[in-house]
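Here the structure comes first, spelled out in structure tokens, and everything after it is commentary.
The values are calculated or read from the model by the stated rules, or taken from the named source; none is laboratory data. Given the structure is predicted, the values throughout are model-derived calculations rather than measurements. Cβ placement follows ideal geometry from the backbone for every residue including glycine, while neighbour counts extend to all protein chains displayed.
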Amino acid sequence: MNEQTPPQAADADSPDADNAPRDLDFAQARLAYSIIESLLEHTAVLSDLVALMAQVIDADTTRALTQTPNWAAYLESRRRMEATRADVEKFTEIMKRLGGDA
């Protein structure tokens with residue numbers, strides 16, 4: 001009896017089972033795309049709102065705001081979103097190939 005297991009197969013009880021790659025069916029991929037699209041739209045609206053608010057507050061308030069940890073976190077989040085843009089575009093292309101017009 002040969003007990004060899006292919007390297008890509010992971011036993012459901014093994015610690016690596018949670019990290020094993022899984023294929024999504026089209027419905028799951030479509031749902032993921034929809035969620036990502038909604039989050040990106042929300043992020044764009046939020047960024048526009050922040051820009052508008054920055055235009056209407058005075059210089060002293062702007063200076064004080066930009067010195068807070070909240071502002072630093074906002075900027076870091078924007079940097080991460082920009083870095084993620086290429087991955088989102090790649091995912092979008094995959095979805096378009098899978099279903100026509102994702």
So the check is Cβ under 6 Å with 6+ separation or different chains; which pairs have a first residue in region 22-50 that's hydroxyl-bearing (Ser, Thr, Tyr) and a second one that's surrounded by 10 or more Cβ atoms within 10 Å (Cβ to Cβ)?
TYR33/MET95; TYR33/ALA102
Picking from PRO6, PRO15, PRO21, which residue would you name as being closer than 24 Å to ASP87 by Cα and either among the small types (Gly, Ala, Ser) or at pLDDT below 85 (or both)?
PRO21
Tell me yes or no: at least one residue of region 61-81 is closer than 30 Å to ASP23 by Cβ and out of contact with any helix residue (DSSP H, G or I) (no Cβ under 9 Å at 6 or more places or on another chain).
yes
